[in-house]
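Q: Take a look at this one; I'll ask things after.
The values are calculated or read from the model by the stated rules, or taken from the named source; none is laboratory data. Since this is a predicted model, take the numbers as computed values, not measurements. For neighbour counting, all protein chains shown are included, and Cβ atoms are generated from backbone atoms with ideal geometry for every residue, glycine included. All accessible areas refer to the heavy atoms of the entire protein, side chains included, with ligands and DNA or RNA removed. Shrake-Rupley method; radii C 1.70, N 1.55, O 1.52, S 1.80 Å.
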Amino acid sequence: MGKPAKAAGSSDKSRTRGQPAKSSSSSRKTSSRSSSSTSKERSSKSVLETKTEPEEIKFPKKTYNESFSNIVLYLNQYEKGHISPTNLKRMHQLAVIKDAKTLQVVQLNTIFERRITSLTWHPTLTNILGLASKGGGLMLVNVSQDNWDVIQQYPGIGPGGSILALKFHPTINEVFFTASLDGTVCSRNFKTNECIQYLSTGSYDHWFTSFDLSEETGVMIAGDTKGVISLLSKDGAKVKEAKIHQKSKVNHIEFCPRKSWLFVTASLDRSVKLWDLRQFSENAKPLFTFPHLKPVNSAYFSRTNANYLLTTDQHSELRVFQAPNWDLVNIITHPHRQFQHITPIKATWHPLEDIVVCGRYPDPNLSGHTPGELSTVDFMCPTTGHMLYQLHHPPFTGLLSLNQFNNNASLLATGSGSKAIIWAPKGKQVSAVGKENINKKRKKRNEDEDEEEEEDKEGTSKYFDVQQPSTSHKIRDQEGVNRRCSKTDGKKKARPSDS
């Protein structure tokens with residue numbers, strides 16, 4: 001009786017022992033399956049969301065291709081949720097930097113006797129470049145790889161004629177504005193050579209340093225050396241005047257491209273301020289004030305969507321603020337210190353992607369300096385501050401102070417001393433405005449002059465296919481225009497240097 005019970009007990013034990021072994025084997029199989037499935041998922045995720053080093057942008061080998069047409073695949077993957085917004089942003093930066101790596105110098109010309117103080121591209125005609133000098137000289141050029149065609153040139157008056165702001169009219173192609181050390185704010189039509197003076201201080205102790213024009217409303221605004229900004233209507237009449245920076249020069253003014261009522265000012269008083277044009281008055285208070293450690297040279301809204309604001313101080317800081325609350329996103333340590341006899345370095349934006357473009361002035365006293373560091377054009381990520389690319393032309397050793405892309409990023413203009421440098425992507429042909437084939441032989445000089453005379457009669461321009469405006473503005477101060485905008489003979493009163 002005991003043996004069967006013992007056998008039964010042993011059989012029960014064997015069952016109880018066998019069942020866990022069976023379940024453990026099944027659990028091992030299921031766990032191996034689940035681990036393999038999770039490993040597959042992880043591998044698939046790792047393929048789609050590759051963690052990249054910030055210094056070097058990398059993307060999955062399965063979907064990555066050197067051709068720019070592959071951006072469609074990335075956008076498709078992003079819509080499906082396989083690529084994060086961060087990686088998509090890096091992919092956009094990668095495309096821009098790949099194009100920047102092909103930039104090469106196509107034009108290098110000494111155009112003025114004194115250093116370039118301001119340069120700007122035309123807002124609609126992407127090959128037209130405006131340049132201004134410390135001596136008051138002006139030059140407008142039609143640019144391409146093989147072409148440097150001077151459209152119009154104005155001689156300067158020498159010391160005391162420095163042009164500190166240069167701006168094209170957003171809707172009238174042949175009109176541009178200048179703010180000068182001689183205390184004037186003028187507009188010029190380089191087809192008719194008509195000069196209109198809007199503001200004048202009448203003194204070399206008080207002059208205008210900044211200017212901008214709203215594309216939507218046509219309202220003009222100018223800042224001077226005493227911290228005062230003057231608001232003008234689109235007809236040029238002074239509307240308001242207010243002292244917004246106490247006893248400090250207004251180095252920069254710019255309207256927000258997306259909100260015509262918002263504008264920013266940067267000053268020597270180590271501050272940047274955002275203002276509401278609708279509430280602007282003598283006692284107006286800024287919407288935001290951003291203190292800096294050093295005087296500020298410039299403050300630019302990003303050119304893609306105006307979501308960022310980039311400021312450049314006079315030593316080693318670039319600051320990035322983000323809308324809508326304009327929080328400080330990043331402080332980038334970058335060598336660009338101020339020096340009396342060089343044009344102040346101003347960081348700008350790339351037009352196709354939120355990438356900071358700034359000239360480098362190597363500083364041995366700054367942390368991170370390496371021996372033999374070159375003067376380059378630096379491309380940086382605004383949110384991380386990482387260096388994406390450094391552009392350099394080996395035979396050239398000068399400081400690349402002013403750097404600005406045209407609207408489609410096909411050309412980069414650089415001002416270095418009295419030299420103007422044009423960069424263009426290698427392998428991409430950029431033609432001059434109004435010329436279908438730049439390889440064709442140019443016409444003779446006399447034929448060109450005949451064509452220009454015929455076009456003058458018709459009221460159109462060789463480079464600008466637009467009709468001249470029917471209304472002409474009256475010159476408010478004819479004597480002042482004759483005295484300041486034309487060549488002067490005889491003795492001139494002493495003019496201070498603009499350090």
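Q: Tell me, which strands (runs of 3 or more DSSP E) lie completely within the range 221-316 with 1 or more residues that are open to solvent by less than 10 Å² (accessible area, probe 1.4 Å) and in contact with a helix residue (DSSP H, G or I) (Cβ under 7 Å, 6 or more places away or on another chain)? It would help to see each step written out before you state the result.
A: Details: elements: 228-232, 238-243, 250-255, 262-267, 271-276, 288-291, 296-301, 308-313.
Output list reads 262-267.
Q: Separate question: Mind listing whichever residues of the range 140-169 are under 21 Å from the mean Cα position of the chain (by Cα) and either open to solvent by 20 Å² or more (accessible area, probe 1.4 Å) or modelled with pLDDT of 90 or more (or both)?
A: Filtering the range 140-169 for residues under 21 Å from the mean Cα position of the chain (by Cα) gives 140-144, 163-169.
Within the range 140-169, Leu140, Val141, Asn142, Val143, Ile163, Leu164, Ala165, Leu166, Lys167, Phe168, His169 meet the criteria.
Q: Give me a count of the residues in the range 357-382 that are of a type outside the set (A, V, I, L, M), in a loop (DSSP other than H, G, I, E, B) and surrounded by 15 or more Cβ atoms within 10 Å (Cβ to Cβ).
A: Within the range 357-382, the subset of a type outside the set (A, V, I, L, M) is 358-365, 367-373, 375-376, 378-379, 381-382.
Add one more test, that the residue is in a loop (DSSP other than H, G, I, E, B), and what stays is 360-365, 367-373, 375-376, 381-382.
Cutting the leftovers down to surrounded by 15 or more Cβ atoms within 10 Å (Cβ to Cβ) gives us 360-363, 373, 375-376, 381-382.
Count: 9.
Q: Before we move on, is Asn407 surrounded by fewer than 19 Cβ atoms within 10 Å (Cβ to Cβ) and closer than 26 Å to Ile128 by Cβ?
A: Working: surrounded by fewer than 19 Cβ atoms within 10 Å (Cβ to Cβ): yes; closer than 26 Å to Ile128 by Cβ: yes.
Spelling it out, Asn407 is indeed surrounded by fewer than 19 Cβ atoms within 10 Å (Cβ to Cβ) and closer than 26 Å to Ile128 by Cβ.
Q: Sticking with this structure for a sec: Go through Phe211, Phe263, Phe255, Phe288 for me and flag whichever is modelled with pLDDT of 95 or more and over 24 Å from Gly183 (Cα atoms). Reasoning before the result, please.
A: On the way: Phe211 fails: over 24 Å from Gly183 (Cα atoms); Phe263 fails: over 24 Å from Gly183 (Cα atoms); Phe255 fails: over 24 Å from Gly183 (Cα atoms).
When all the criteria are applied, what remains is Phe288.
Q: Is at least one residue of the range 109-130 farther than 16 Å from Thr414 by Cα, touching a strand residue (DSSP E or B) at 6+ places or on another chain (Cβ under 7 Å), charged (D, E, K, R) and at pLDDT below 95?
A: Of all residues in the range 109-130, those farther than 16 Å from Thr414 by Cα come to 113, 123-125.
From what's left, touching a strand residue (DSSP E or B) at 6+ places or on another chain (Cβ under 7 Å): 123.
From what is left, the residues that are charged (D, E, K, R) are none.
Taking every residue of the range 109-130 in turn, none turns out to be farther than 16 Å from Thr414 by Cα, touching a strand residue (DSSP E or B) at 6+ places or on another chain (Cβ under 7 Å), charged (D, E, K, R) and at pLDDT below 95.
Q: Same structure again: Of the residues Val141, Val105, which is of a type in the set (Val, Ile, Thr), more than 30 Å from Cys195 (Cα to Cα) and either outside any helix (DSSP H, G or I) or touching a residue at least 24 places away in the same chain (Cβ under 8 Å) (or both)?
A: Val105
Q: For Thr192, indicate whether it is within 22 Å of Tyr154 (Cα to Cα), in a loop (DSSP other than H, G, I, E, B) and open to solvent by 30 Å² or more (accessible area, probe 1.4 Å). Before the answer, list the steps.
A: Details: within 22 Å of Tyr154 (Cα to Cα): yes; in a loop (DSSP other than H, G, I, E, B): yes; open to solvent by 30 Å² or more (accessible area, probe 1.4 Å): yes.
Considered against the rule, which asks whether it is within 22 Å of Tyr154 (Cα to Cα), in a loop (DSSP other than H, G, I, E, B) and open to solvent by 30 Å² or more (accessible area, probe 1.4 Å), Thr192 comes out as yes.
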